[in-house]
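Peer 1: One structure, pasted below without further comment.
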Amino acid sequence: MLASLFDLLGIRLRGTDVPVPIGETRGRGPMPTGPVPGSKLTPEFVQAVGRFACLWAWPLVNVYNRYWTQDWVKIRTYLVGGVAPVAPINRLGMLVGYNQPGQRYITCPSQDLIYGFGVLDLSRDAVVLQVPDFGTRFFVFQATDQRTDAFSAIGSMYGSKPGFYLLAGPDWTGRAPAGIEATFRASTKLGCIIPRVFQADDAADHQAVQPLIRQIVAYPLAEFDGTMKEKDWSDLPILPWKRSAMKNGAGSVRRLSLKPCRRCSTLARRSPARRRSTR
């Protein structure tokens, strides 16, 4: 049952490069079968185990929920609430300026960085990340697996060159084509990509960084042709926040919901020209 849950969540246990019979671990004999019959488990012990399990599993469930709620986005990239980029799987969306106070997508964001975000499903295909020439400007493209552990080294602190980088899943057996600077392999099928780019707090630097932001894109390896692509992130369709009632009697609050509510689904089906006219 546990193995089926791991498979559903796209999780591969660390250190298992080849299949291992269920109930065994390499070099350590059979897995523990559970408490000795007749053992007394105190409430405190059970609570402690539950807390450890929650802390261990929370990133796995969190990333899976993002994947599950975002998979309905197939073609366009949107801004939920006007502040949170939501892109199709294995692509990303970028802001064009600082985070707004109303966003609830990123906890404790840096106040001098421009953010992007994308959800990865590396079981579908490897993903190409396009890195512009930032010169001396600070940038980092954080790629994380389903545990939210970083598995890439792309950024100014790593001396990364402009060009193309490849993110691959644990079962990917392909070869990186010519023109790929480096390949990074995740330990899980699902993950996230979070670009960050520095912008000084003045209008001149805001304008200067825009051409670079337009060159930050991600797409499946099957679409790679060796040419630098551009995307205008300044005119993304806006989807509304979904209101959710709190059970503690505190009323309703605005929260980020990636599920296609009735209005969101209608907007997503409309043509770009008609969508702009309804803003």
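Peer 1: Taking loop as defined by DSSP and a crowding limit of 16 other beta carbons within 10 Å, which chymotrypsin sites (Phe, Trp or Tyr not before Pro) in the stretch 135-192 fit?
Peer 2: Taking the stretch 135-192 and a limit of 16 other Cβ atoms within 10 Å, the loop chymotrypsin sites (Phe, Trp or Tyr not before Pro) found are 138.
Peer 1: List residues of the stretch 113-140, by number, whose backbone nitrogen lies under 16 Å from a label position 7 Å along Cα→C-beta of residue 157.
Peer 2: 113-114, 137-140
Peer 1: Now, a different point. Which loop trypsin sites (Lys or Arg not before Pro) in the stretch 130-226, with loop taken from DSSP, have no more than 13 other Cβ atoms within 10 angstrom of their Cβ?
Peer 2: Values: sites: 137, 147, 175, 185, 189, 196, 214; in loops: 137, 147, 175, 189.
Within the stretch 130-226, the qualifying trypsin sites (Lys or Arg not before Pro) (loop, at most 13 other Cβ atoms within 10 Å) are 175.
Peer 1: Scan the stretch 148-251 for GluC sites (Glu not before Pro) in coil per DSSP, keeping those whose Cβ has at most 16 other Cβ atoms within 10 Å, and list them by number.
Peer 2: Qualifying residues, ordered by number: 230.
Peer 1: Separation between the residue 222 and residue 45 pseudo-spin-labels, each 7 Å from Cα along Cα→Cβ, expressed in nm?
Peer 2: About 5.2 nm separates the two model spin labels.
Peer 1: Continuing with the same structure: What distance in nm separates the simple spin-label points at residue 68 and residue 183, each placed 7 Å from Cα in the Cβ direction?
Peer 2: So the label points at residue 68 and residue 183 sit 3.2 nm apart.
Peer 1: Under 11 Å from the Cβ of residue 98, count the other residues' Cβ atoms, weight Lys and Arg +1, Asp and Glu -1, and hand me the total.
Peer 2: That works out to -2.
Peer 1: For the peptides 36-47, 87-98, what is the packing order when you average, over each peptide's residues, the other Cβ atoms within 10 Å and list the highest mean first?
Peer 2: 87-98, 36-47
Peer 1: Please work out the Cα center distance from the stretch 105-135 to the stretch 173-238, rounded to the nearest Å.
Peer 2: Cα centroid to Cα centroid, the span is 7 Å.
Only the coordinates and a few stated rules stand behind these numbers; no lab work does. If you're wondering where the values come from, they're calculated on a predicted model, not measured in any experiment. Neighbour counts run over all protein chains shown; Cβ positions are idealised from the backbone, glycine included.
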